[in-house]
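Colleague: Below you will find the structure I want to go over with you.
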Amino acid sequence: MKEHHGYGAGDVSEAVIEATGLTKGYGATLALDSLDLEVPAGAVFGYLGPNGAGKTTTIRLLLGLLRPTSGQATIHGHDTWRERNEVHRRVGYLPGDFYGYAALTATQYLRYLARLRGRADVDWDVVEVLAKRFHLDLDRRIATLSHGNRQKVGLIQAFMHEPDLVVLDEPTSGLDPLMQNEFLALVREARDAGRTVVLSSHALDEVEAVADMVGILREGRLVVVDEVANLRSRARRRLDLTFEGSVPAAALRQVAGVRDLGVDGRTARLTVDGSLSELLELAAPFGIENVSSHETDLEDIFLAYYEDR
């Protein structure tokens with residue numbers, strides 16, 4: 001039986017995205033292998049993995065842009081392949097390779113997309129506010145825009161109809177730091193309004209800044225989904241222990257989870273998987289003079305899953 005991945009054991013929120021056994025193969029190669037996933041309403045879901053792990057394949061399956069080899073996925077209860085037109089009306093999507101129509105101005109392009117989605121009622125005031133926030137001139141042709149400004153057009157088209165679900169693949173590509181911060185603020189506002197955001201990115205720091213939950217994909221398989229706080233509490237921690245006397249290295253190596261132990265004078269430098277309680281309980285009788293803990297971040301968690309092959 002496959003492990004069920006959801007948003008915390010006690011969470012009863014309606015699942016916006018549900019995938020069961022979602023699989024995509026190309027010949028003998030599995031780009032995505034039996035994905036089981038639920039993403040609830042009002043969450044920011046960070047989707048992590050290196051190039052080739054299957055992140056973009058997952059997104060294209062969820063949006064009905066690819067047909068699954070097996071399994072299925074739904075968004076708001078609509079099958080993402082058989083009812084993809086309805087899914088597209090309700091979702092904002094920024095692909096990782098966004099270009100737009102070069103011959104159109106940003107205004108013409110955005111109005112075209114609104115009609116294409118069947119959403120001619122898009123509030124243009126929302127578009128203009130977003131353009132002002134991102135310092136984008138809507139009257140310029142897309143062909144004349146820099147990569148960063150084209151990315152702003154892509155972000156605006158994903159958010160302008162205030163969809164219940166926004167799916168973003170490498171959304172800050174080409175944006176300067178100020179615009180990246182503006183983007184993160186926009187994601188937080190969407191979540192606070194009860195909307196759901198799926199954020200696939202190589203920028204682990206930006207995912208950590210906004211994500212409620214994270215999924216880590218490795219070679220087409222989902223290896224973990226959990227809330228960021230839970231992952232951090234179980235993550236590998238870097239620690240410096242300075243003793244009053246010599247370092248009890250042999251004893252420290254016997255503690256479960258201790259690895260990469262190095263000794264520098266009276267200081268033991270090590271990493272610990274999970275809880276520190278057993279380590280500190282063993283070390284205390286040897287006289288601890290100082291404990292220095294290096295804050296665990298999402299990059300540490302991500303790399304730990306990839307190092308533990």
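The values are calculated or read from the model by the stated rules, or taken from the named source; none is laboratory data. Everything numeric in this text was worked out from a predicted model, so none of it was measured. Cβ coordinates were reconstructed from backbone atoms using ideal geometry, including for glycine residues, and neighbour counts include every protein chain displayed. Each accessible area value is taken on the protein alone, full model and side chains, heavy atoms only, with ligands, DNA and RNA left out. Shrake-Rupley method; radii C 1.70, N 1.55, O 1.52, S 1.80 Å.
Colleague: If amide H atoms are built 1.01 Å from N in the plane of the peptide, which residues on other chains or at least 5 residues away come under 5 Å of the amide H of Val16?
Modeller: Amide H to amide H, under 5 Å and 5 or more residues apart or across chains, Val16 pairs with Val39, Ala41.
Colleague: Quick check on the chain: of the DSSP beta bridges with both residues there, what percent are antiparallel, nearest 5%? All intermediate terms of the calculation are to be shown ahead of the outcome.
Modeller: Details: 40 of 57 bridges.
Bridges in the chain that DSSP calls antiparallel: roughly 70 percent.
Colleague: If you don't mind, there's one more thing I want to ask. Which number gives the lysine pairs in the chain that have C-alpha atoms under 28 Å apart and are eight or more places apart or on different chains? Don't jump to the answer; show the numbers that get you there.
Modeller: Values: Lys2/Lys24; Lys2/Lys55; Lys24/Lys55; Lys55/Lys152; Lys132/Lys152.
Lysine pairs meeting the criterion: 5.
Colleague: Would you mind checking which residues have amide H under 5 Å from Gly92's amide H? H placed 1.01 Å from N; only 5 or more apart, or other chain.
Modeller: For Gly92, the qualifying residues are Leu165, Val166, Val167.
Colleague: What is the percent carbon and sulfur in the accessible area of the chain, measuring with a 1.4 Å probe over the protein chains and ignoring ligands?
Modeller: Values: 6840 of 14720 Å².
C and S atoms contribute 46 percent here.
Colleague: Let me ask something else about it. Ordered by residue, what ³J(HN,Hα) values in Hz, to whole numbers, does region 248-263 give under the Karplus form 6.51 cos²θ - 1.76 cosθ + 1.60, where θ = phi - 60° and Gly and Pro are x?
Modeller: x, 4, 4, 5, 5, 5, 7, 6, 4, x, 7, 8, 6, 6, x, 10
Colleague: With every protein chain left in place, what is the accessible area per residue of the chain in square angstrom, probe 1.4 Å?
Modeller: Working: 14720 Å² over 309 residues.
Normalised by residue count, the accessible surface of the chain is 48 Å².
Colleague: Here's something else I'd like to know. Inverting the mean 1/r over all pairs of different Cα atoms, compute the Kirkwood radius of region 58-109 and quote it in Å. Please report the intermediate quantities before stating the final value.
Modeller: Working: mean 1/r = 0.0808 Å⁻¹.
Over region 58-109, the inverse of the mean reciprocal pair distance is 12.4 Å.
Colleague: Determine, from the Cβ-Cβ distance of Glu189 and Tyr112 and an R0 of 35 Å, the FRET efficiency 1/(1 + (r/R0)^6), rounded to the nearest 0.05. Don't skip to the answer; put the middle values down first.
Modeller: Working: r = 26 Å, r/R0 = 0.73.
Result of the calculation: an efficiency of 0.85.
Colleague: Sticking with the crude label model, points 7 Å out along Cα→Cβ, report the distance from Glu227 to Ala251 in nm, one decimal please.
Modeller: About 3.6 nm separates the two model spin labels.
Colleague: Another one. R0 = 35 Å: FRET efficiency of Asp79 with Ala203, Cβ-based, nearest 0.05?
Modeller: Numbers: r = 32 Å, r/R0 = 0.91.
With R0 = 35 Å, the Cβ-Cβ based efficiency is 0.65.
Colleague: Using only Cα atoms and rounding to the nearest 10 degrees, what angle (0 to 90) does helix 298-307 make with the longest principal axis of the chain?
Modeller: Value to nearest ten degrees: 70.
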